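Please read through the structure below; I'll follow up with questions.
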4 protein chains.
Amino acid sequence: MAKTEKRPSRAEQKARRPQEILEAAFEEFTAKGYAATRVEDVAARLGVTKGTIYLYFPTKEVLFEEMFRHMSTPFKDVLASVGTFQGSYANRLRALLLLAYEKIPNDRKTRELLRLTLSDGTRFPDIVDRHFDEFIAPLVAAVRALVEEGVSAGEFRRGAAANYPDVVASSILHVAVWRLMFADRRPLDGPAFIEAHFDLALNGLLQRS
Amino acid sequence: MAKTEKRPSRAEQKARRPQEILEAAFEEFTAKGYAATRVEDVAARLGVTKGTIYLYFPTKEVLFEEMFRHMSTPFKDVLASVGTFQGSYANRLRALLLLAYEKIPNDRKTRELLRLTLSDGTRFPDIVDRHFDEFIAPLVAAVRALVEEGVSAGEFRRGAAANYPDVVASSILHVAVWRLMFADRRPLDGPAFIEAHFDLALNGLLQRS
Amino acid sequence: MAKTEKRPSRAEQKARRPQEILEAAFEEFTAKGYAATRVEDVAARLGVTKGTIYLYFPTKEVLFEEMFRHMSTPFKDVLASVGTFQGSYANRLRALLLLAYEKIPNDRKTRELLRLTLSDGTRFPDIVDRHFDEFIAPLVAAVRALVEEGVSAGEFRRGAAANYPDVVASSILHVAVWRLMFADRRPLDGPAFIEAHFDLALNGLLQRS
Amino acid sequence: MAKTEKRPSRAEQKARRPQEILEAAFEEFTAKGYAATRVEDVAARLGVTKGTIYLYFPTKEVLFEEMFRHMSTPFKDVLASVGTFQGSYANRLRALLLLAYEKIPNDRKTRELLRLTLSDGTRFPDIVDRHFDEFIAPLVAAVRALVEEGVSAGEFRRGAAANYPDVVASSILHVAVWRLMFADRRPLDGPAFIEAHFDLALNGLLQRS
DNA sequence: TATGAATGAGCTTTCATTCAT
DNA sequence: CATGAATGAAAGCTCATTCAT
């Protein structure tokens with residue numbers, strides 16, 4: 001029982017290398033952008049040398065792309081649970097948006113990948129599509145489904161907002177961008193913001209009595 | 001009448017140069033980001049050589065900073081007109097948000113500067129503050145003022161949304177980010193989105209009968 | 001009569017230009033050496049622009065060469081007066097060396113041209129020869145002539161020093177190099193040094209009683 | 001025994017590199033001066049490329065400074081042996097000056113560093129001080145000490161020359177400058193010059209019988 | 001005559017990539 | 001596996017020189 005969870009064996013260490021590199025690459029690329037990041041910086045963060053990086057990834061571009069893929073955690077899966085939600089549609093929508101807040105602006109990985117998508121999307125068109133398929137489309141689809149069901153059930157108003165569900169979720173992006181831009185320099189009161197968002201969105205959607 | 005509008009004289013050319021350069025720089029920097037843009041690209045866009053750029057701007061960094069300053073058109077001034085708005089607070093808010101849509105996601109300059117702020121804000125902290133002071137703060141302040149007046153007048157509900165006006169305006173940022181990210185690849189139906197936004201926000205804010 | 005000696009007329013101004021340029025070039029070239037001096041620096045010192053320099057001198061190299069020629073004042077002429085010296089050979093030698101001190105280490109022009117000869121002689125072999133012909137050879141010849149006459153007259157000892165007159169004059173170069181190297185940071189007591197030089201040289205040369 | 005003295009191993013090569021570079025830099029910088037030397041010239045002399053130089057030295061300026069430090073061999077140490085000299089003060093002084101001739105004008109390294117001190121001392125003030133502390137000050141101090149002892153012992157005359165020992169040593173600088181300036185184009189008969197120097201200096205210093 | 005905008009060749013420095021050890 | 005010395009292709013910046021005004 002002694003050696004359990006001790007430092008990894010050489011073999012384990014080796015197996016872990018690629019992931020370590022991708023994680024180090026994430027830190028560097030998100031901090032400085034693709035062009036301004038040097039392969040050596042990534043290596044230095046791991047305490048290895050440039051050559052080692054090239055042992056696992058053939059070029060800086062591939063490193064970037066694989067890092068992006070590795071760090072973008074599946075949001076679709078999370079959304080799968082939406083189907084199991086119970087209660088009023090208002091509460092279901094609230095729960096869904098809460099999930100999105102957790103996964104997008106509050107999750108550093110997702111948030112920083114959004115930055116990369118905006119800054120280096122020109123050079124890596126794939127990541128833009130990926131970002132859309134991974135985050136935007138599923139979220140919008142889930143919101144739309146819920147809103148439509150709520151409308152059918154007579155809980156939500158029919159109207160422009162119901163037809164364009166992005167607008168219901170757009171505050172989420174606002175928080176993400178705010179955090180990317182200001183970090184700790186202008187902290188944002190997350191819970192209060194979310195509360196205001198729910199207040200506005202649900203009042204905006206609910207049938208007027 | 002003959003020679004009017006011929007090629008500019010030497011003096012005219014010179015007077016125009018700095019602006020031409022700043023505008024070319026805007027195109028290049030926004031297309032590729034600071035690090036990936038070469039001074040020579042900016043020059044080539046104007047049909048001149050690198051050296052010419054350095055005749056007007058001492059370093060690439062200064063070129064970037066002055067470009068940013070030159071291209072960020074005052075939003076505060078636009079907002080000044082808000083005070084003159086008439087009619088219901090709902091309409092006034094609608095007019096205010098429309099102004100913001102025009103000036104932020106629909107104005108290519110502002111939109112692209114937002115991208116730069118996100119991608120190169122780390123290297124140029126000034127532009128982050130500038131962006132905040134120039135766009136975010138005035139807009140939030142204007143929305144807050146209007147909402148508070150609307151609440152006082154009994155037209156708007158008191159509530160979380162009224163206390164956190166960012167949430168009312170956040171869809172604007174959503175459109176900006178969407179356009180930056182997808183450009184023409186996934187066009188966004190602007191008018192429909194705006195309509196949905198107003199529908200949601202005003203229903204969310206108005207006193208329930 | 002009032003305006004006599006007032007500011008020069010345009011024609012005079014023009015006629016003076018080349019010299020002004022050469023003098024400005026002297027300041028710049030001696031301060032930074034040939035390679036590190038920019039033509040624009042020379043122009044700026046005169047309050048004109050680069051183009052003006054090229055109106056008078058076709059290239060930077062020619063400017064340098066002509067500057068060198070222009071600033072190297074004839075030492076030979078000065079030495080001509082040596083033939084008229086009277087009195088003991090010791091006194092004549094003293095007078096000759098004093099002339100050399102005035103013309104070489106104490107004359108800023110000559111001193112600085114010595115620096116250029118050492119630093120840029122590789123690129124401009126002419127100036128080395130020029131320096132030799134203009135300063136070294138005449139001085140050594142004059143010293144040699146005087147010493148030989150002094151020996152013939154029985155006033156100076158025959159001996160190694162008399163055969164190699166450079167050694168008699170070498171302290172002069174020492175002062176020049178010292179001043180070039182240390183300028184005002186380690187001032188050299190000129191009169192005391194010269195006195196010591198005469199003391200040593202004359203005692204070294206005079207017949208032992 | 002076979003492979004001994006074959007091409008150096010990677011490790012040996014690496015250990016040697018910095019010195020190789022400094023020596024190549026010495027050749028280039030002394031031949032053309034700081035400004036006119038290209039880092040690529042230094043590299044080419046070693047058969048490597050520019051990049052290699054920057055692997056060892058961060059900037060051209062640092063390369064120059066470290067080269068200067070590396071090539072200036074301690075003169076002070078040599079002078080330490082002066083204290084052990086025996087015999088007449090004339091002979092001791094002769095021995096001391098001979099040491100100085102060996103170390104300053106006859107040693108190519110020292111001689112060329114003198115050239116750099118004169119040509120690039122403005123840009124690198126440190127090397128001027130270094131040159132003073134390393135060569136000038138110790139030499140003058142040693143001469144002074146010996147002369148003073150010789151005066152105390154009654155062997156040397158009291159007088160101006162004894163008070164200003166630079167003058168006794170100044171011929172040494174003369175030879176250095178001559179060689180820097182004329183190299184092989186006007187060779188200087190070293191031994192004869194030195195003989196003349198001793199003849200003059202000792203006769204100039206010794207008590208007149 | 002004088003200007004100064006513009007050029008283009010060249011220099012310093014950087015960095016992705018390779019490869020012998 | 002890992003290293004890190006070396007490369008070479010840029011990229012930022014400079015400056016002698018030109019030329020339209």
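Averaged over A:176-184, how many beta carbons belonging to a partner chain fall within 10 Å of each residue's beta carbon?
Details: counts 2, 8, 5, 0, 4, 9, 6, 3, 0.
Mean shielding count: 4.
Hey, another quick one. When you count, for each residue, the other Cβ atoms within 10 Å and take the mean per peptide, how do D:177-183, D:52-58 rank with the highest first? Display every interim value, and only then the final one.
Values: D:177-183: 18.9, D:52-58: 15.4.
Descending packing order for the listed peptides: D:177-183, D:52-58.
Under a point-charge model restricted to the Cβ atoms of Lys and Arg (+1) and Asp and Glu (-1), what is the dipole moment magnitude of the protein assembly as shown relative to its Cα centre, in debye to the nearest 20? Intermediate results must be reported in sequence, preceding the final value.
On the way: 120 positive and 112 negative charges, 101 e Å.
Magnitude of the dipole: close to 480 debye.
In addition: Using only Cα atoms, find the angle between the long axis of helix A:89-103 and the longest principal axis of chain A, and express it within 0 to 90 degrees, rounded to the nearest 10.
Compared with the principal axis, the helix lies near 20 degrees.
Rounded to the nearest 10 Å², what accessible area does A:D107 have for a 1.4 Å probe in the complete protein model?
Ignoring ligands and nucleic acids, A:D107 comes out at about 40 Å².
Can you give me the long-range amide H partners of C:E155? Hydrogens built in the peptide plane at 1.01 Å from N, cutoff under 5 Å, separation of 5 or more residues or another chain.
For C:E155, no residues qualify.
Taking Cα centroids, how far is the stretch C:170-187 from the stretch D:112-126 in Å?
First find each Cα centre; the distance between them is then 14 Å.
Here's a follow-up. From zero outward in steps of 5 Å, how is the percent of C-alpha pairs of the stretch B:10-71 spread across the bins?
Pair shares across the bins are 4, 20, 35, 28, 10, 2, 1.
Another question about this same structure. Full extension from D:T122 to D:A137: what is 0.36 nm times the residue separation minus their Cα-Cα distance, to one decimal in nm?
Details: separation 15, 0.36 × 15 = 5.40 nm, distance 2.00 nm.
Contour length minus Cα-Cα distance gives 3.4 nm.
Sticking with the crude label model, points 7 Å out along Cα→Cβ, report the distance from D:V62 to C:E102 in nm, one decimal please.
Taking the two extended label points, one gets 5.2 nm.
Each label point is 7 Å from the Cα along the Cα-to-Cβ direction; what then is the distance between the points at C:E149 and D:N91, in nm?
4.1
Bin all alpha-carbon pair distances of the protein assembly as shown at 10 Å intervals from 0 and give each bin's fraction as a whole percent.
2, 10, 14, 14, 12, 11, 10, 10, 8, 5, 3, 1, 0, 0
Please determine, in degrees from 0 to 90 and to the nearest 10, the orientation of helix B:137-152 with respect to the longest principal axis defined by the Cα atoms of chain B, where the helix direction is its Cα long axis.
20
Also: Taking B:P125 in one copy and the same position in all the others, each labelled 7 Å out along Cα→Cβ, what are the pairwise distances from the first, in nm, shortest first?
3.2, 3.9, 5.9
With +1 assigned to the C-beta of every Lys and Arg and -1 to the C-beta of every Asp and Glu, and no other charges, what is the dipole magnitude of the stretch C:76-205 about the Cα centre in debye, to the nearest 20? Show your work: numbers first, answer last.
Working: 16 positive and 17 negative charges, 41 e Å.
Magnitude of the dipole: close to 200 debye.
Quick one: if you take sqrt(5λ) for each eigenvalue of the C-alpha gyration tensor of the stretch D:59-116, what semi-axes come out, biggest first, whole angstrom? Could you put the intermediate results ahead of the total?
On the way: eigenvalues 189, 26, 6 Å².
Equivalent ellipsoid of the stretch D:59-116: 31, 11, 5 Å, largest first.
So the label point sits 7 Å from Cα along the Cα-to-Cβ vector; using that for D:S81, what distances do you get to the other copies, in nanometres, sorted shortest first?
With the label placed 7 Å along Cα→Cβ, D:S81 yields 4.8, 8.7, 9.3 nm.
Which percent of the accessible heavy-atom area of the protein assembly as shown goes to carbon and sulfur, probe 1.4 angstrom? Write out the running numbers ahead of the final one.
On the way: 19900 of 39350 Å².
Accessible surface attributable to carbon and sulfur in the protein assembly as shown totals 51 percent.
Given a 10 angstrom Cα cut-off, can you work out which residue in A:Y89, A:Y164, A:Y101 is the most mobile in a GNM of chain A?
Greatest mean-square fluctuation among the candidates belongs to A:Y164.
Note the distances from C:G47 to each other copy's matching label point, with points 7 Å along the Cα-to-beta-carbon direction, in nm, sorted shortest first.
Taking the point 7 Å beyond Cα along Cα→Cβ, the inter-copy spacings are 3.9, 5.9, 6.7 nm.
Right, here's the next one. Please tell me which of these pairs span more than 29 angstrom C-alpha to C-alpha: A:K50/B:K109; A:K60/B:K60; A:K32/B:K76; B:K60/D:K32?
A:K50/B:K109; A:K32/B:K76; B:K60/D:K32
Here's a follow-up. Please build a GNM for chain C, connecting alpha carbons under 10 Å apart, and tell me which residue among C:R158, C:R186, C:R69 fluctuates the most.
Among C:R158, C:R186, C:R69, the largest GNM mean-square fluctuation belongs to C:R186.
Further question: State, to one decimal in nm², a quarter of the convex hull surface area for the C-alpha atoms of the stretch A:76-205, i.e. the direction-averaged projected area. Please list the in-between numbers first.
Values: hull surface 32.5 nm².
Over all viewing directions, the stretch A:76-205 projects a mean Cα-hull area of 8.1 nm².
Of the candidates B:T73, B:T122, B:T37, which one comes out as most mobile in a Gaussian network treatment of chain B with C-alpha springs shorter than 10 Å?
Of the options given, B:T122 has the highest mean-square fluctuation.
When the Karplus curve 6.51 cos²θ - 1.76 cosθ + 1.60 is applied with θ = phi - 60°, which whole-Hz ³J(HN,Hα) does each residue of the stretch A:105-121 get, with x for Gly and Pro?
x, 8, 9, 4, 4, 4, 4, 6, 5, 5, 4, 4, 4, 6, 8, 10, x
Along the charge dipole of the protein assembly as shown, which of A:V143, C:A137, C:F85 sits closest to the positive end, that is, farthest toward it, with unit charges on the beta carbon of Lys, Arg, Asp and Glu (+1, +1, -1, -1)?
Farthest along the dipole direction, towards plus: C:A137.
To test your reading of the geometry: what angle, between 0 and 90 degrees and rounded to tens, separates the Cα axis of helix C:166-182 from the longest principal axis of chain C?
Relative to chain C, helix C:166-182 is tipped by roughly 40 degrees.
The values are calculated or read from the model by the stated rules, or taken from the named source; none is laboratory data. For clarity, every value in this text was computed on a predicted model and none was experimentally measured. Here the Cβ is made from the backbone with ideal geometry for all residues, glycine too, and neighbour counts use every protein chain on show. Ligands, DNA and RNA are stripped out before the accessible areas are found, and what is left, the full protein with its side chains, is counted by its heavy atoms. Shrake-Rupley method; radii C 1.70, N 1.55, O 1.52, S 1.80 Å.
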